[in-house]
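The values are calculated or read from the model by the stated rules, or taken from the named source; none is laboratory data. Since this is a predicted model, take the numbers as computed values, not measurements. Here the Cβ positions follow ideal geometry from the backbone for every residue, glycine too, while neighbour counts run over all protein chains shown. The protein model used for the area step is the full one, side chains on, heavy atoms only, and it has no ligands, DNA or RNA in it. Shrake-Rupley method; radii C 1.70, N 1.55, O 1.52, S 1.80 Å.
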Amino acid sequence: MALYNENRNPAVESDADYGYRLPPKEMAAIATAFPVPDISLDPTRSKMALLQREALLSLEQLSRSELRLAGLRFSPDTNGPSRMLYYKTIQLQSLAPGSGPAVTLSGLPPEAQIANPQWSPDGRYLAFSNTTGQGINLWVADTHTGEAFQVSEVLLNEIFTSGFVWHPDSKSLLCRLVPPNRPQPPEKPAIPYSPNIQETQGKKAPGRTYQDLLINPFDEWLFAYYATSCLARIGIDGKMTQLGEEGLYLGARPSPDGQYILVDQLKPPFSYLVPFPRFPRQVEVWDSAGRPVFRVADLPLADDVPIAMDAVRRGRRLCGWRADADATLYWVEAADQGDPAVESEVRDRLFTLAAPFTEAPVLLAELNLRYSHVHWGSDDLALVYERWWKTRREKVWRLSPAHPEKGARLVFDRSFEDAYGDPGHPLLQPTSGGTRVLMTDTGGTNIFLVGRGSSPEGDRPFLDRFDIEQKKSVRLWRSEPPYYEYVITILDQAGELLLTSRENVEEPANYYLRNLKSGTLVALTSFPHPYPMLKGITKEIIQYRREDGVMLSATLYLPPGYKPGDGPLPMLLWAYPREYKSADAAGQLTDSPYRFDRIGPTSPLSLLTQGYAILDNPAMPIIGEGEAQPNDNYVAQLKASAEAAVAEVVKRGVADPKRIAVGGHSYGAFMTANLLAHTDLFCAGIARSGAYNRTLTPFGFQAEERTLWEAPDVYMAMSPYMHLQNINAPLLLIHGEADNNAGTHLMQSERFYHALQGHGKPARLVILPHESHGYQARESVLHVLWEMHRWLEIHAKGMNGG
C-alpha cells in the first residue's frame with residue numbers, strides 16, 4: 001500500500017484523517033465572513049477612514065518563508081511581518097451630517113496589502129504601507145483629492161514596528177528603511193564551525209519559556225542583518241534626506257516641535273535567554289539633521305529581570321516626548337532595582353528634561369507603586385497612573401509638569417479588579433505636533449471620562465465630565481437598553497456632539513453622530529449583519545452562585561428557532577479561568593446582554609447553527625484573598641465553578657447533563673484538561689494550543705509568580721499531565737506546529753497525547769502546519785471547525801461523524 005498518493009482527492013474520499021476538511025457550510029460562512037471595517041479618525045475630527053481587513057490568510061501565504069529570531073517572526077523577503085491580515089480597501093467618510101456615503105480612495109495598488117494607516121497632524125494626508133513580494137513601500141493618500149500615490153521606491157524596514165511616522169510639518173515622514181546597498185544575506189554554513197556554548201558564570205537570570213530565541217552565532221548575524229536599517233526624512237514629494245549612520249533602530253520619533261528626534265536602537269551583545277526587548281539599548285536625542293546632541297540612556301543586557309509581574313529592567317526606561325510641550329523628554333527609573341521583592345517605599349521615579357538638555361533632570365514624581373502610564377495635558381495638568389499587581393491596587397495622580405513643587409495630588413485610589421468602581425479613562429485630543437493630550441472643556445478645568453459602566457445589570461457605557469480640582473463627576477450620557485453604545489470621541493469642545501458606536505443583539509456595530517443638546521442621532525454607516533444564519537438566536541447573561549457563595553455569570557446561547565419546551569440540548573461550555581484577589585470583584589458582571597457578537601473565525605458560537613447550545617465564558621475565578629495565592633486552591637475552585645455552571649444549565653432545562661462537553665484555547669485548554677482529570681461532569685473535551693505539564697514552565701506561567709522550586713506542590717497539583725490517569729472522557733487536542741506563545745510549545749500537546757495513548761485513554765491530536773498560537777489560514781481554520789464539529793457529533797450527540 002502506498003504511503004502517499006498525490007492523486008488522492010480528500011474532498012471526495014471518506015478518510016477522516018487525510019487532507020484539510022470543511023465544516024458544515026453555515027459554520028464555514030461565519031468563519032470566512034469579512035469583519036466590520038475598522039475606523040481611523042482624522043486629527044481634525046471631520047472625517048474618518050473605513051479600513052476593510054481581509055478575513056483570513058491562505059495556507060500558501062502562511063507557508064511562505066519566515067525567520068524566527070530573538071522573539072520576532074518576520075519575512076526575509078519583505079523585511080516585515082510574516083503573519084498579518086492586511087487591509088484591502090480604504091474609504092473616507094465625512095462626519096458632517098448629510099454628507100452622504102463613504103468614498104473609496106482611488107489610485108490604490110492592485111491586490112493591495114495595506115497596513116499601519118497614520119494621519120498627518122493637519123489631517124490632510126493618510127500615510128500607509130503597502131507590502132509586495134519585493135518589500136514594503138510607503139504610500140500617501142491626499143484626502144482633498146481622494147487620490148493615493150506611492151511616495152518613493154525605497155523599502156521600509158518593519159520587522160519591529162511601523163517603519164514610518166509623520167513629521168509635525170505634515171509634509172514629510174521620518175522613516176526606517178532597508179539599507180539601499182545592503183548585500184545579500186549571510187548563508188548558513190553547511191558545516192558548523194563551533195558547538196553552541198552558553199555559560200552562566202554564576203549569574204542569576206530566571207526567565208519565562210520564551211519562544212524563537214537566538215541559539216547560535218549564525219542566528220546573531222542573521223538577526224543583525226535584517227534588523228539593520230537607516231533613518232531618513234522623506235517628503236511627500238519623494239525627496240529624501242538620510243539621517244545618521246546605519247544601526248539596529250527600534251524606532252525614531254520627532255519632538256512635537258520637529259526640532260529633535262528621539263532615537264532608540266539595540267546594541268550587542270545579544271542574548272540566547274531573552275527576546276530582543278531585553279537586549280542592550282541606547283537611547284539618544286538627535287537634532288533635525290541627524291546629529292546626536294544628548295545621550296538619554298545606555299541600558300545593559302536585561303537578562304536578570306525577576307519573573308514577578310511588577311519587575312522591570314534597571315536604568316532609564318519608557319523614554320518619550322511630553323505630548324504637550326515643544327521638546328521635553330520624560331523617562332522612568334526604578335528606585336527598587338526593578339525588583340518587587342526589594343523593600344522600598346518608592347518604586348519608581350518620573351523625570352523630565354527640556355531642550356537643550358543641558359540642565360539637570362527634573363524629578364516630577366515619586367511613586368509608591370509601579371509606574372503604568374501618563375497622560376499629558378498642559379503645564380498645569382498631567383495624570384500619572386501607578387499599579388501594583390499583588391494587591392491589584394491602582395492610583396492616579398494629578399501633576400503640574402511646569403510646577404513640580406506643587407507635588408502630586410491624588411485623584412483616584414482603587415482596585416483595578418473592581419469593575420463596578422471604575423471611574424473610566426480620559427478622552428484625548430490631537431495636537432498640531434501629531435501627539436495626543438488630555439481633552440478639556442472650554443474652561444480647561446474639566447476633563448472627560450468614558451468607561452464601560454459595569455454594574456449588576458450589565459455594562460452600560462458612559463460619558464462623564466470630571467472636575468479635576470473638585471474631583472467630582474457629572475454624568476453627561478449613558479447607554480440605554482436595548483442597545484450597547486459607547487463614545488469614541490467628542491467632536492466639539494462643549495462636550496455635546498459625540499461620535500459613537502452603537503449595536504444590539506441583532507444589529508452589528510455602526511457609527512453615529514449623537515447630539516446631546518438636541519437629542520438627535522444620525523447614522524454614518526450601515527454595515528449589514530455579517531452572519532445572517534445566526535439571526536434568531538437566544539442570548540442571555542445568566543448568574544448563579546458557586547458553593548462557596550461567589551457569584552458567577554456566563555452568556556447562554558441557544559440555537560436559532562429554539563423555544564422553551566423544546567427540551568435539553570447537547571452543549572459546549574467554552575471558558576478561560578482568571579485570577580483574582582477579591583471574591584467580590586470575581587463575582588462582578590462585566591458584559592452586556594445587548595452586544596452584537598463579533599464571532600472570530602474559530603469561535604465555538606458557529607456551532608449554534610448545528611443545534612448546539614453554547615455556554616460562553618462562564619466565570620472560572622481562581623481567588624486568593626489576603627496573603628493567599630490564587631493557585632494554592634486552583635483545582636478545587638475550578639471544579640466548584642464548573643459544577644455550578646453545569647447545575648445551572650441543567651436546572652434551566654436547556655442542557656442534557658450527559659451531553660455537555662467542555663473546551664477552551666490556551667489557558668482554557670489547560671482548564672479543559674484539568675476538568676476532565678478531576679471531574680466526571682463532561683462527555684468530551686476540546687483543548688486548543690494549551691500547556692499541560694507545568695514543570696516545563698518552571699519560572700512561572702499565566703499569573704503565577706512563584707517558580708517550580710518555590711511552589712512544587714502547586715505546579716504538580718495544577719498539571720493535568722500528572723493526573724491524566726483519571727481522564728475518561730475523550731479529548732481532542734489541537735495545536736499549531738509553530739506556536740510562539742510563551743509556555744505553550746507544541747511539545748506540550750505532543751507529550752500529553754503520548755501519555756494519554758500510553759494509558760489507553762481516548763484522544764485525538766491535530767497538529768496544524770505553519771500555524772502559531774492563534775490560527776490564521778483559511779484551510780486551517782475550517783479544518784479546526786470540522787474537527788470540533790465532528791468530535792461533538794460523535795461524543796456529545798452520540799452520532800457517527802465523518
Exercise for the section: Would you mind pulling out the separation of the Cα centroids of the stretch 144-181 and the stretch 315-372, in Å? Expected result: 31
Exercise for the section: Roll a 1.4 Å probe over the protein heavy atoms and report the accessible area of residue 245 in Å², nearest 10. Expected result: 140
Problem - Correct option for Rg and Dmax of the Cα atoms in Å [calculated from the coordinates] among (i) 27.5, 84; (ii) 32.3, 112; (iii) 27.4, 89 - result: (i)
Exercise for the section: Provide the packing ranking of 71-77, 211-217, i.e. peptides ordered by the mean count of other C-beta atoms within 10 Å per residue, highest first. Expected result: 71-77, 211-217
Completion exercise
A 1.4 Å probe over the protein heavy atoms gives the stretch 464-582 a carbon and sulfur accessible-area percentage of 48
Practice task
Amide H neighbours of residue 773 under 5 Å, at least 5 residues apart or on other chains, H built in the peptide plane: list them.
Solution key: 740, 741
Practice task
Quote to one decimal, in nm, the extra length available between residue 747 and residue 492 on full extension: 0.36 nm per residue of separation minus the C-alpha distance between them.
Solution key: 86.3 nm
Fill in the blank from the handout: the stretch 16-68 and the stretch 398-419 have their Cα centres apart by a whole-number Å value of 41
Exercise for the section: Go through 248-255, 35-42 and give me the packing order, highest mean Cβ count within 10 Å leading. Expected result: 248-255, 35-42
Exercise for the section: With label points built 7 Å along Cα→Cβ from the Cα atoms of residue 529 and residue 196, find their separation and express it in nm. Expected result: 5.3
Practice task
Considering only DSSP beta bridges where both residues belong to the chain, give the percentage that are antiparallel (nearest 5).
Solution key: 85
Handout entry: residue 153/residue 104 FRET efficiency (R0 30 Å; Cβ-Cβ; nearest 0.05)
Key = 0.75
Handout entry: Stretch gain in nm, segment residue 171-residue 548, where the contour uses 0.36 nm per residue and the Cα spacing is subtracted
Key = 129.4 nm
Fill in the blank from the handout: Which of 25/88; 563/761; 88/517; 563/658 exceed 28 Å between C-alpha atoms? The answer is 563/761; 88/517
Handout entry: Å² per residue, accessible surface of the stretch 475-527 at 1.4 Å
Key = 44
Exercise for the section: State, to one decimal in nm, how far the label point of residue 357 lies from the label point of residue 467, with both points 7 Å from Cα in the Cβ direction. Expected result: 4.3
Exercise for the section: Multiply the residue separation of residue 368 and residue 343 by 0.36 nm, subtract the distance between their alpha-carbon atoms, and state the gained length in nm to one decimal. Expected result: 7.9 nm
Fill in the blank from the handout: Using a 1.4 Å probe on heavy atoms of the protein chains only, the accessible area for residue 147 in Å², nearest 10, reads 80
Problem - Probe 1.4 Å, accessible area per residue of the stretch 253-293, Å² - result: 39
Practice task
Rounded to whole Hz and in sequence order, give me ³J(HN,Hα) for the stretch 769-783 from the Karplus expression 6.51 cos²θ - 1.76 cosθ + 1.60, θ = phi - 60°, writing x for Gly and Pro.
Solution key: x, 6, 7, 9, 5, x, 9, 10, 6, 3, 4, 5, 4, 5, 5
Problem - In Å², nearest 10: area of residue 385 left accessible to a 1.4 Å probe - result: 20
Completion exercise
From most to least accessible, 1.4 Å probe, no ligand or DNA/RNA atoms counted, 527, 128 line up as 527, 128
Exercise for the section: Using a 1.4 angstrom probe on the protein heavy atoms only, line up 474, 522 by accessible area, largest first. Expected result: 474, 522
Problem - Which of 471, 25 is most accessible, then next, and so on - probe 1.4 Å - result: 25, 471
Fill in the blank from the handout: Phi angles of the stretch 603-617, converted by Karplus (6.51 cos²θ - 1.76 cosθ + 1.60, θ = phi - 60°) into ³J(HN,Hα) in whole Hz with x for Gly and Pro, give 5, x, 5, 5, 5, 4, 5, 10, x, 8, 8, 10, 9, 9, 6
Handout entry: In Hz, Karplus ³J(HN,Hα) per residue of the stretch 87-100 (6.51, -1.76, 1.60; θ = phi - 60°; x = Gly, Pro)
Key = 7, 9, 9, 10, 10, 10, 10, 5, 9, 6, x, x, 7, x
Exercise for the section: Mind listing the long-range amide H neighbours of residue 347? Cut-off is under 5 Å, sequence gap 5 or more, other chains count too, H placed in the peptide plane at 1.01 Å from N. Expected result: 367, 368, 369
Exercise for the section: Could you tell me, in Å, what Rg and Dmax come out for the Cα atoms of the stretch 607-708? Expected result: 14.9, 47
Practice task
Taking a cut-off of 15 Å between Cα atoms, list the aspartates and glutamates near residue 390, but don't count ones fewer than 8 places away on the same chain.
Solution key: 310, 339, 343, 417, 418, 579, 625, 627, 632, 704, 705
Exercise for the section: Please list, in chain and number order, the residues 5+ apart from residue 293 or on another chain whose amide H is under 5 Å from its amide H, with Hs placed from the backbone. Expected result: 285, 286, 287
Completion exercise
Relative contact order in percent for the stretch 439-537 (Cα pairs under 8 Å, 6+ apart) equals 16
Fill in the blank from the handout: The simple spin-label model distance between residue 432 and residue 40, using points 7 Å out along Cα→Cβ, in nm, is 2.4
Problem - Backbone N within the stretch 154-171 under 14 Å of label point (7 Å from residue 142 Cα along the Cβ vector) - result: 171
